[in-house]
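Notes follow the structure.
The values are calculated or read from the model by the stated rules, or taken from the named source; none is laboratory data. All values reported here derive from a predicted model rather than from experimental measurement. Positions of Cβ are generated from backbone atoms using ideal geometry, with glycine treated the same way; all protein chains shown enter the neighbour counts. Surface accessibility is based on the protein's heavy atoms, side chains included, excluding ligands, DNA and RNA. Shrake-Rupley method; radii C 1.70, N 1.55, O 1.52, S 1.80 Å.
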Amino acid sequence: MRSLLLFVAMATSGLAGARTVWDGVYTEAQASRGMTAFGQSCAGCHALAAEGKAPLVGDSFWKSFSQKNVGDVVEFVSTYMPNGTPGSLSKNTYEDIVALMLKSNGFPAGVTELKPNTIAGVQIIPKDGGTELPASALARIVGCLNRSGSDWVITHATNPERAERAPKSEEDATRALGSRSITLKFVLTHLEPLAGSRVAVNGLLIGAGGVDGINVTEVNRVAPKCP
């Protein structure tokens with residue numbers, strides 16, 4: 001009976017949720033190596049602080065990587081850095097630099113080094129588990145286009161998702177909608193022909209989760225009627 005209960009507990013734990021950056025996905029030694037590499041290849045262009053030139057810590061980190069995973073950070077850094085010679089560092093060096101970025105953003109160290117096989121699917125989310133995108137993140141929403149006074153508003157809006165990670169567009173016509181209303185700001189497109197239809201909107205969030213609206217870059221009809 002005891003063995004059965006242990007098995008059930010382990011299974012339940014495994015189903016509780018994916019690993020996150022709060023589970024310790026790098027080691028202190030790896031972050032120390034990352035500091036050396038950062039000083040040699042990155043410090044001229046980036047700051048390991050929330051302020052300064054091209055900061056990699058704080059709001060700028062969350063703006064770029066919230067709702068993504070650690071593998072996305074490694075891919076981004078190894079594809080675009082260092083400035084002028086992207087991809088010129090070794091695979092291990094890029095992993096060490098990402099370990100340093102995680103440490104600098106307050107995520108705890110663990111006992112296993114950050115490697116492709118250890119970070120698969122490791123999510124970047126706040127400590128409280130929230131998944132709301134921060135202000136200024138490039139996001140995508142789907143919902144019903146309506147007029148509210150002088151403003152255009154998306155009602156029944158889906159939760160804002162990273163534009164580059166949103167579901168395929170052919171799913172937008174039938175996907176479940178949400179309960180939010182998000183105001184469209186700085187709209188340059190003539191939207192009257194789309195009124196009442198289901199649309200997909202890309203833009204920069206104004207306030208966390210688009211609480212103050214979305215600075216529109218693109219609006220596309222995905223279905224003639226809504227919801």
Practice prompt. Would you check which residues across the range 57-75 are more than 11 Å from the chain's Cα centre (by Cα) and either polar (S, T, N, Q) or on the phi < 0 side of the Ramachandran plot (or both) and list them?
Written response: V57, D59, S60, G71, V74, E75
Discussion item. E171 - would you say it is acidic (D, E) and in contact (Cβ under 8 Å) with a residue 12 or more places away in the chain?
Written reply: no
Fill in: Long-range neighbours under 9 Å by Cβ, at least six apart or interchain, first residue closer than 13 Å to A50 by Cα and free of Cβ contacts under 8 Å to residues at least 40 places away in the same chain within the range 94-108, second open to solvent by 10 Å² or more (accessible area, probe 1.4 Å) and of a type outside the set (A, V, I, L, M, F, W, C)
G106/K127
Practice prompt. From A208, A223, A173, grab the single residue that is over 24 Å from F65 (Cα atoms) and open to solvent by 30 Å² or more (accessible area, probe 1.4 Å).
Written response: A173
Practice prompt. Tell me which of these K63 doesn't satisfy, since it passes every other one: (1) in a loop (DSSP other than H, G, I, E, B); (2) touching a Ser or Thr at 6+ places or on another chain (Cβ under 7 Å); (3) of a type in the set (K, R).
Written response: (1)
Worksheet item: Taking interchain pairs and intrachain pairs at least six residues apart, which have beta carbon atoms under 7 angstrom, with the first residue in the range 27-39 and closer than 12 Å to L102 by Cα and the second surrounded by 13 or more Cβ atoms within 10 Å (Cβ to Cβ) and of a type in the set (D, E, K, R)?
Response: T27/E113; Q30/D96; Q30/E113; A31/K103; G34/D96
Practice prompt. Go through the range 111-127 and give me each residue that's in a loop (DSSP other than H, G, I, E, B) and open to solvent by 30 Å² or more (accessible area, probe 1.4 Å).
Written response: V111, T112, E113, K115, A120, G121, P126, K127
Worksheet entry | Close pairs (6 angstrom Cβ cut-off, 6 or more residues apart or separate chains): more than 24 Å from W22 (Cβ to Cβ) in the range 66-92, not aromatic (F, W, Y) anywhere | Y80/P86; P82/S41; N83/C45
Worksheet, complete the sentence: The one condition M101 fails out of (1) within 28 Å of A208 (Cβ to Cβ); (2) open to solvent by 40 Å² or more (accessible area, probe 1.4 Å) is (2)
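For every residue, the table says whether it meets (1) surrounded by fewer than 17 Cβ atoms within 10 Å (Cβ to Cβ); (2) at pLDDT 95 or above.
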{"residue": "T20", "(1), (2)": "no, yes"}
{"residue": "Q30", "(1), (2)": "no, yes"}
{"residue": "R33", "(1), (2)": "no, yes"}
{"residue": "G44", "(1), (2)": "yes, no"}
{"residue": "E51", "(1), (2)": "yes, no"}
{"residue": "K68", "(1), (2)": "no, no"}
Worksheet item: Can you find a residue in the range 70-79 that is farther than 27 Å from G209 by Cα and either of a type in the set (D, E) or open to solvent by 30 Å² or more (accessible area, probe 1.4 Å) (or both)?
Response: yes
Fill in: Long-range neighbours under 7 Å by Cβ, at least six apart or interchain, first residue over 18 Å from E164 (Cα atoms) within the range 212-225, second basic (K, R) and assigned to a loop (DSSP other than H, G, I, E, B)
none
Practice prompt. Return the total of residues in the range 80-98 being of a type in the set (A, V, I, L, M) and either open to solvent by 10 Å² or more (accessible area, probe 1.4 Å) or in contact with a Ser or Thr (Cβ under 6 Å, 6 or more places away or on another chain) (or both).
Written response: 2
